[in-house]
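The values are calculated or read from the model by the stated rules, or taken from the named source; none is laboratory data. This one's a predicted model, so the numbers in the text were calculated from it and none came from an experiment. Because the Cβ atoms are built from the backbone with ideal geometry, glycine has one as well, and the counts that use them run over all protein chains shown.
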């Protein structure tokens, strides 16, 4: 009986614990590697284009070190009224971002790149999610930031936690995309790459 080829290594090109937790929903065995890419924005670059460029750059950077792997790169860009909302990094910036989002709709562009480093096949996807914030009072913002400390989250909230209380509604095709890794699309790309899902 012929031997079946061993499945390829899977490497997530991110050290994000959120993306790692999401990927564990699909795959029990994978590695994580820091892509160490330059994430500087380019002039006049559309948010979705920026997310896709960075997701691909992360996959490329990791694939150079893991030539036998399927490499997953992902990036997310959030915007409100044309203003990019990055990771706040401080409580003061988180409060400022949430105040800017109050009563508005925030658009999240979550890009995905699956790169088969063995032969260079690349598959990509961009998910678009719209989050409608309710009008937030300053005391609510203060309490939220103090309790959840969402300092490493684009948009200054964790929708999988207390952040859900900040919203009126979420328009999405894939709720996992808002957390940082669109699993519906990723499962489709993995199937196309030859991995059985589920």
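Here is a list of conditions, (1) touching a residue at least 24 places away in the same chain (Cβ under 8 Å); (2) farther than 20 Å from residue 39 by Cα; (3) more than 18 Å from the chain's Cα centre (by Cα), and residue 93 meets all of them except one; can you say which number that is?
Condition not satisfied by residue 93: (2).
Among the residues in segment 70-77, are any buried (at least 18 other Cβ atoms within 10 Å of the Cβ), modelled with pLDDT of 95 or more and in a helix (DSSP H, G or I)?
No, that holds for no residue.
Here is a list: 25, 50, 19. Which entry is assigned to a helix (DSSP H, G or I) and within 21 Å of residue 187 (Cβ to Cβ)?
Exactly one residue qualifies, and that residue is 19.
Among all residue pairs at least 6 apart or on different chains, which show Cβ distances below 9 Å where the first residue, located in segment 29-48, is more than 22 Å from residue 65 (Cα to Cα) and the second is part of a loop (DSSP other than H, G, I, E, B)?
What qualifies is 47/82.
Give segment 166-188 a look and list any residue that's touching a residue at least 60 places away in the same chain (Cβ under 8 Å), in contact with a helix residue (DSSP H, G or I) (Cβ under 7 Å, 6 or more places away or on another chain) and under 25 Å from residue 135 (Cα atoms), or say none.
166, 176, 179, 180
I need the full set of residues from segment 78-91 which are exposed (fewer than 15 other Cβ atoms within 10 Å of the Cβ) and either closer than 21 Å to residue 135 by Cβ or in contact with a helix residue (DSSP H, G or I) (Cβ under 7 Å, 6 or more places away or on another chain) (or both), in order please.
Selection gives 81, 82, 83, 84.
Could you list, ordered by first residue, the pairs with Cβ atoms under 9 Å in which the first is in segment 101-119 and on the phi > 0 side of the Ramachandran plot and in contact (Cβ under 8 Å) with a residue 12 or more places away in the chain and the second is surrounded by fewer than 24 Cβ atoms within 10 Å (Cβ to Cβ) and part of a loop (DSSP other than H, G, I, E, B), at least 6 apart or interchain?
Between residues of segment 101-119 that are on the phi > 0 side of the Ramachandran plot and in contact (Cβ under 8 Å) with a residue 12 or more places away in the chain and residues that are surrounded by fewer than 24 Cβ atoms within 10 Å (Cβ to Cβ) and part of a loop (DSSP other than H, G, I, E, B), the close pairs are 103/134; 103/135; 103/136.
Since residue 52 meets every condition but one in (1) surrounded by fewer than 18 Cβ atoms within 10 Å (Cβ to Cβ); (2) at pLDDT 95 or above; (3) over 19 Å from residue 164 (Cα atoms), which condition does it not meet?
(1)
So which residues in segment 28-44 are buried (at least 16 other Cβ atoms within 10 Å of the Cβ) and assigned to a loop (DSSP other than H, G, I, E, B)?
30, 33, 35, 37
Applying the selection to segment 103-119, what residues are crowded, with 17+ Cβ neighbours inside 10 Å and over 19 Å from the mean Cα position of the chain (by Cα)?
Scanning segment 103-119 gives 116, 117.
Do we find a residue being part of a strand (DSSP E or B) and under 27 Å from residue 11 (Cα atoms) anywhere in segment 87-108? Even if it seems obvious, please write down each step before you answer.
Pass one, segment 87-108, residues part of a strand (DSSP E or B): 105-108.
Then keep just the ones that are under 27 Å from residue 11 (Cα atoms); that gives 108.
Yes, that holds for at least one residue.
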